[in-house]
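**Q** First the structure, which I've put down as structure tokens, then a few questions once you've had a look.
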Amino acid sequence: MTGKADERRLRTGGRTCLAVVLAAGEGTRMRSQTPKVLHTIAGQTLLRHVLGAVRSAGQARVAVVVGPDHAAVEAEARSAMPDADTFVQTERRGTAHAVLAARPALARGADDILVIFGDTPLIRPQTLAELRGALADGAAVAVLGFRSADPAAYGRLVTERGRLVRIVEFADASEQERGIGLCNGGLMALAGDRALAILDRIGNANRKGEFYLTDAVAVARELGLEARAIEVTEDEVSGINTKAQLADAEAAMQKRLRQAAMDAGVTLVAPETVFLCDDTRLGKDVTVEPYVVFGTGVTVEDGATVRSFSHLHGAHVGPRAIVGPFARLRPGARLEEGVHIGNFVEVKEALIEKGAKANHLTYIGDARVGEGANVGAGTITCNYDGAAKHRTDIGRGSFIGSNSSLVAPVKIGDGAYVGSGSVITADVPADALALGRGRQTVKEGWAGRLRGSKPAGKKNEVKSG
Ligand code: UD1
Ligand code: MG
């Protein structure tokens, strides 16, 4: 941000603000049963991203405008921001009409009114501050402009001698206007003492018969007030209307999150192959190898390594632990310091204590694995009996031989051994050896007799019958 912008931001400090977040659109172009603002990028709904930016921008009252049939949108708004007011736009008659659905909030007054679209999740808090800065500077309306290689159907900012005079929607634009490179980002700031006067003068004489918020610019000019455009980069304001734009926004958000992780001291060997969530927390000197996916709710502490092709979700990885390659950590997986979880190991709702290891082909669910225990290849905690889940408790320093099934509820004592291939159905005391497998029998010469006493290794000579 420029020094000038910093100054403006400081000047907004004492001003009150109302942010009106529009989330009542149908999102027809998404071709989905899910309301548009409830689609997700980086693990969070578009609406939650937007409300997060509003919160970070500072003390604003927030009004969220939702559609009449969108209880789920209202619930998401309340969960993301419990102190936000919600208003229902009973008929969808355009963006200005939607803002006026929050009339009671507007009437309570604020120095600055910010109108923010629920489908613009990449907006940065500092840009909201810049919009408010323009109001502090004397503008009655401030809008965001951006340039795009593919300006598609965005509204265009019409300027005369460098001054913003109106915004024309694509559907209503002439060929010449469609050629304008500066697009409307949609978000807008309105001077609180003028907002209702401006919004109430907006009509719907346009191709769609809608009340366009964009007309606030022309109306302000008619009233002899100043409208101003602030140019920002496209990734920040490009609205999401289609699934392809949703994917573009995901890509832009991932780029930001990877950069932020690296800035904080995380090593991403191939950043473009690592997928993060908004709430992913990676400590210093964490190394993430290529092709790793982080779902929501993951923390990885300092010095841990997440190796290729691992998938983590709702998991906590302790310092200097090693996860993967090909590991799956599901919700409730908690790995303490120095734990090793290796290839084709799945952990769910389980505490793996300091230094314990499960390196190959294992399922650990609803369990505790004590400090320093070694869980051999192919071990399965049989946690589900078809009706309920049960717990497995594996003592510290114990050794679970390969290919064992631990049928929960069951407890393996500290320092105990379980012989390979056991099916353990009863508790094992500390320091004991438990064997739960068929005893081996050996029949000398049996195979030779089967082959008619011919030496082993000669093929196709075994007589049948
Ligand atoms: C809008 C702008 C366009 C700009 C583009 C940027 C208008 C008239 N046009 O177009 O100039 O280039 O954003 O992304 O403002 N909504 C309601 N109620 C309604 C209509 C919309 O709540 O009746 C909400 C939607 O949920 C959405 C936001 O307003 O969050 C914007 O609506 P949308 O239909 O996406 O507008 P665009 O056609 O993208
Ligand atoms: Mg849009």
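The values are calculated or read from the model by the stated rules, or taken from the named source; none is laboratory data. Keep in mind that this is a model prediction, so the values were computed, not measured. Neighbour counts are summed over all protein chains in view; Cβ atoms, including those assigned to glycine, are modelled from backbone coordinates with ideal geometry. The accessibility values were calculated without ligands, DNA or RNA, using every heavy atom of the protein model including side chains. Shrake-Rupley method; radii C 1.70, N 1.55, O 1.52, S 1.80 Å.
**Q** If you go through the stretch 420-434, how many residues are more than 20 Å from GLY355 (Cβ to Cβ) and surrounded by fewer than 17 Cβ atoms within 10 Å (Cβ to Cβ)?
**A** Going through the stretch 420-434 one residue at a time, the tally reaches 9.
**Q** Please work out which residue is least open to solvent (accessible area, probe 1.4 Å), limiting yourself to the stretch 281-295 and to residues that are assigned to a loop (DSSP other than H, G, I, E, B), without any contact (Cβ under 8 Å) to a residue 40 or more places away in the chain and within 21 Å of ILE41 (Cα to Cα).
**A** Residue satisfying both the conditions and the ranking: PRO290.
**Q** Would you call GLU236 within 16 Å of ligand 2 (Cβ to nearest atom), at pLDDT 95 or above and among the acidic types (Asp, Glu)?
**A** On the way: within 16 Å of ligand 2 (Cβ to nearest atom): yes; at pLDDT 95 or above: no; among the acidic types (Asp, Glu): yes.
Spelling it out, it is not the case that GLU236 is within 16 Å of ligand 2 (Cβ to nearest atom), at pLDDT 95 or above and among the acidic types (Asp, Glu).
**Q** Restricting the search to the stretch 182-232, which residues are touching a helix residue (DSSP H, G or I) at 6+ places or on another chain (Cβ under 9 Å), more than 16 Å from ligand 2 (Cβ to nearest atom) and of a type outside the set (A, V, I, L, M, F, W, C)?
**A** GLY192, ARG194, ASP200, ARG201, GLY203, ASN204, ASN206, ARG207, ASP215, GLU226, ARG228
**Q** Here is a further query. From the list ASN374, ASN359, ASN403, pick out the single residue that is under 24 Å from VAL306 (Cα atoms), touching a Gly at 6+ places or on another chain (Cβ under 8 Å) and open to solvent by 40 Å² or more (accessible area, probe 1.4 Å). First the steps, then the outcome.
**A** Values: ASN374 fails: touching a Gly at 6+ places or on another chain (Cβ under 8 Å); ASN403 fails: under 24 Å from VAL306 (Cα atoms).
Only one candidate passes the filter, namely ASN359.
**Q** State which residue is surrounded by the most Cβ atoms within 10 Å (Cβ to Cβ) when the search covers only the stretch 151-170 and only residues that are in a strand (DSSP E or B) and aliphatic (A, V, I, L, M).
**A** Pass one, the stretch 151-170, residues in a strand (DSSP E or B): 156-160, 163-168.
Among the residues that remain, those that are also aliphatic (A, V, I, L, M) are: 157-158, 164-165, 167-168.
On the way: LEU157: 26, VAL158: 19, LEU164: 24, VAL165: 14, ILE167: 28, VAL168: 22.
Among residues in the stretch 151-170 that are in a strand (DSSP E or B) and aliphatic (A, V, I, L, M), the one surrounded by the most Cβ atoms within 10 Å (Cβ to Cβ) is ILE167.
**Q** Still on this model: Among the numbered criteria (1) within 15 Å of ASP279 (Cβ to Cβ); (2) buried (at least 22 other Cβ atoms within 10 Å of the Cβ), which one does VAL37 miss?
**A** (1)
**Q** So how many residues does the stretch 81-104 have that are surrounded by fewer than 23 Cβ atoms within 10 Å (Cβ to Cβ), within 15 Å of ligand 1 (Cβ to nearest atom) and in a helix (DSSP H, G or I)?
**A** So the count comes out to 3.
**Q** Restricting to the stretch 210-268, name every residue that is in contact with a Leu (Cβ under 6 Å, 6 or more places away or on another chain) and aromatic (Phe, Trp, Tyr).
**A** none
**Q** Give me the strands (runs of 3 or more DSSP E) completely within the stretch 334-390, filtered to those with at least 2 residues that are over 24 Å from GLY436 (Cα atoms), ordered by residue number.
**A** In the stretch 334-390, 340-352 are the strands (runs of 3 or more DSSP E) which contain 2 or more residues that are over 24 Å from GLY436 (Cα atoms).
**Q** Collect the residues in the stretch 343-356 that are open to solvent by less than 10 Å² (accessible area, probe 1.4 Å) and either within 22 Å of the chain's Cα centre (by Cα) or within 19 Å of CYS277 (Cβ to Cβ) (or both), keeping them in residue-number order.
**A** If the condition is that a residue be open to solvent by less than 10 Å² (accessible area, probe 1.4 Å) and either within 22 Å of the chain's Cα centre (by Cα) or within 19 Å of CYS277 (Cβ to Cβ) (or both), then VAL347 is the only one that fits.
**Q** Hey, another quick one. Being within 16 Å of ligand 2 (Cβ to nearest atom) and more than 25 Å from the chain's Cα centre (by Cα) is the filter; apply it to the stretch 109-150 and report the residue that is surrounded by the fewest Cβ atoms within 10 Å (Cβ to Cβ).
**A** Among them, the one singled out is ASP150.
Every residue, every condition in (1) open to solvent by less than 50 Å² (accessible area, probe 1.4 Å); (2) basic (Lys, Arg); (3) over 23 Å from ARG391 (Cβ atoms); (4) over 22 Å from the mean Cα position of the chain (by Cα), yes or no:
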| position | (1), (2), (3), (4) |
| --- | --- |
| GLY297 | yes, no, no, no |
| THR305 | yes, no, yes, no |
| LEU329 | yes, no, no, no |
| ARG334 | no, yes, no, no |
| GLY338 | yes, no, yes, yes |
| ILE341 | yes, no, no, yes |
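**Q** Quick check, is VAL64 touching a Ser or Thr at 6+ places or on another chain (Cβ under 8 Å), near ligand 1 (Cβ under 10 Å from one of its atoms) and part of a helix (DSSP H, G or I)?
**A** Taking the combined requirement at face value, the residue does not satisfy it.
**Q** Could you check the stretch 171-194 and list, in sequence order, the residues that are in a helix (DSSP H, G or I), within 15 Å of ligand 1 (Cβ to nearest atom) and open to solvent by less than 60 Å² (accessible area, probe 1.4 Å)?
**A** Hits for the stretch 171-194 are ALA171, ASP172, GLU177.
**Q** A further question on this structure: Give just the number: which of (1) of a type in the set (Val, Ile, Thr); (2) more than 10 Å from ligand 1 (Cβ to nearest atom); (3) within 22 Å of ARG92 (Cα to Cα); (4) in a loop (DSSP other than H, G, I, E, B) does VAL217 not satisfy?
**A** (4)
**Q** So how many residues does the stretch 40-55 have that are over 23 Å from ALA189 (Cα atoms) and either crowded, with 24+ Cβ neighbours inside 10 Å or in contact (Cβ under 8 Å) with a residue 40 or more places away in the chain (or both)?
**A** Within the stretch 40-55, residues that are over 23 Å from ALA189 (Cα atoms) and either crowded, with 24+ Cβ neighbours inside 10 Å or in contact (Cβ under 8 Å) with a residue 40 or more places away in the chain (or both) number 5.
**Q** In the stretch 67-80, which residue that is among the small types (Gly, Ala, Ser) and more than 10 Å from ligand 1 (Cβ to nearest atom) is farthest from the chain's Cα centre (by Cα)?
**A** This residue is ALA71.
**Q** Among residues belonging to the stretch 229-276 that are open to solvent by 60 Å² or more (accessible area, probe 1.4 Å), of a type outside the set (A, V, I, L, M, F, W, C) and over 15 Å from the mean Cα position of the chain (by Cα), point out the one that is nearest to ligand 1 (Cβ to nearest atom).
**A** Among residues in the stretch 229-276 that are open to solvent by 60 Å² or more (accessible area, probe 1.4 Å), of a type outside the set (A, V, I, L, M, F, W, C) and over 15 Å from the mean Cα position of the chain (by Cα), the one nearest to ligand 1 (Cβ to nearest atom) is GLU234.
**Q** Would you check if VAL168 is among the β-branched types (Val, Ile, Thr) and within 10 Å of ligand 1 (Cβ to nearest atom)? Write out each step before concluding.
**A** Numbers: among the β-branched types (Val, Ile, Thr): yes; within 10 Å of ligand 1 (Cβ to nearest atom): yes.
Yes.
**Q** Identify the single condition in (1) open to solvent by 10 Å² or more (accessible area, probe 1.4 Å); (2) within 16 Å of ligand 2 (Cβ to nearest atom) that GLY58 does not satisfy, given that it satisfies every other one.
**A** All conditions are met except number (2).
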